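Notes to accompany the following structure.
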Amino acid sequence: MKTVIVGAGALGSVLGGYFAQVGADVTLLARKLHAEAIRKQGLRIGGMREEQVVRNLRAVSDPAEVASADLLILGVKSYDTQDTLASLGHLRGKVGAAISIQNGGRKDEELGDAYGRDVVVGATTIVGATMPEPGRVIHTNEGGTWIGEFDGRRSARVEAIVDLFRKAGLPIEVREDIQSAIWCKLNQMVPAAALSCVTRLHIHEIYQDRTLATLFVELSHEVARVAERLGIPLVDCQGFPVKTLCSQPVDAAVESVMARGRIMQERGMTGVKISTLQDLERGRKTEADHVIGHVVRLADAHGVAIPKLQLLFRVIQGVEAAQLASAFPKAGHPRMTT
């Protein structure tokens, strides 16, 4: 299976590296410095598995060098999706299946606009990774991936993708209700991103603090109300019991979140930072508007009250705007230093 990973940053590179190790034909479309480093010294992967260098893959930075794909995996930041897909417009009709591992709420619609709705397979993942430097990535979270056709049918292309993940030792589950699974990821990603950005804590630290775990549950309930208004039922995925979390008594839900944090610490998963926080700490544009803001706008459009999430989103927007304004001051108003 010819696999092209578009926007191969930390997560896309970890997946691509593991796929290549088991013999897959992998091309990483990455930023120039990352692609150059991989071509020179191979892709270095550390973290959850033994440190390794993967050389039997192709890394490019020019979209024109990608001619076709049996499987296209989209992993760019949500705010770069439109420009990235436009640069790959020549692939329309040349992609067998396309999945998005992004966090954004409109990821599948955007893929469908670019390549046709019939090309898109639903998918979501909680595999985690960071990139400390070009050519080197750290696998931080061995979470699962969920995949399925949007009409619920079994298909050969889904089975082929599942086979690729399993050969690479990556947990994956086929879901007939993939839209629900995607919203379950959103239900947990939104509170995690919001609380991470306002506290600057690792995710296991948020989970283990009772006050923050309680707020996490309250935010999950708010997101669940939006899904309910849209007619999307939440479900329990393996290791990801969102339906239970949002339906059980609050005290029990808080205890389950705190237990999740303790398990992460026991497993050594203490370096997990939500990608939105990673970008905020680096003074970069974040995906908050495409993840948290997406849910806030849906709630507003459908008359769903989510006051806690709205407040946190406004705080994050303000912090991000202030940081970007400081990094890139307007002409005629140079930044003062002391």
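The values are calculated or read from the model by the stated rules, or taken from the named source; none is laboratory data. Note that the structure is a prediction, hence the values are computed from the model and not measured. Here the Cβ is made from the backbone with ideal geometry for all residues, glycine too, and neighbour counts use every protein chain on show.
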Wholly enclosed strands (runs of 3 or more DSSP E) of segment 109-227 bearing at least 1 residues modelled with pLDDT under 95 and touching a Pro at 6+ places or on another chain (Cβ under 7 Å): 136-148
Identity of the residue in segment 193-203, in contact (Cβ under 8 Å) with a residue 40 or more places away in the chain and farther than 10 Å from Ile292 by Cα, that ends up surrounded by the fewest Cβ atoms within 10 Å (Cβ to Cβ): Arg200
Residue match in segment 32-46 (condition: of a type in the set (A, V, I, L, M, F, W, C), part of a strand (DSSP E or B) and not assigned by TED's automatic domain parsing to the domain that holds His290): yes
Residue in segment 267-282 that is closer than 20 Å to Ser220 by Cβ, in a helix (DSSP H, G or I) and free of Cβ contacts under 8 Å to residues at least 12 places away in the same chain present: no
Test: residue in segment 243-260 that is in contact with a Gly (Cβ under 8 Å, 6 or more places away or on another chain) and in the same structural domain as Pro307 (by TED's automatic domain parsing): no
Qualifying residue in segment 185-206 (condition: assigned by TED's automatic domain parsing to the domain that holds Thr276, hydroxyl-bearing (Ser, Thr, Tyr) and within 19 Å of the chain's Cα centre (by Cα)): yes
Unmet requirement for Tyr79, which otherwise passes all of (1) closer than 25 Å to Met269 by Cβ; (2) modelled with pLDDT under 95: (1)
Inter-residue pairs, beta-carbon under 9 Å, first closer than 17 Å to Val53 by Cα and in segment 135-147, second aromatic (Phe, Trp, Tyr) and surrounded by 22 or more Cβ atoms within 10 Å (Cβ to Cβ), 6+ apart: His139/Tyr18
Any hit, segment 6-25, residues being assigned to a strand (DSSP E or B) and hydroxyl-bearing (Ser, Thr, Tyr): no
Ala259 being under 20 Å from Gly143 (Cα atoms), assigned to a helix (DSSP H, G or I) and under 18 Å from the mean Cα position of the chain (by Cα): no
Residues (of a type outside the set (Gly, Ala, Ser) and more than 23 Å from the chain's Cα centre (by Cα)) located in segment 67-90: His90
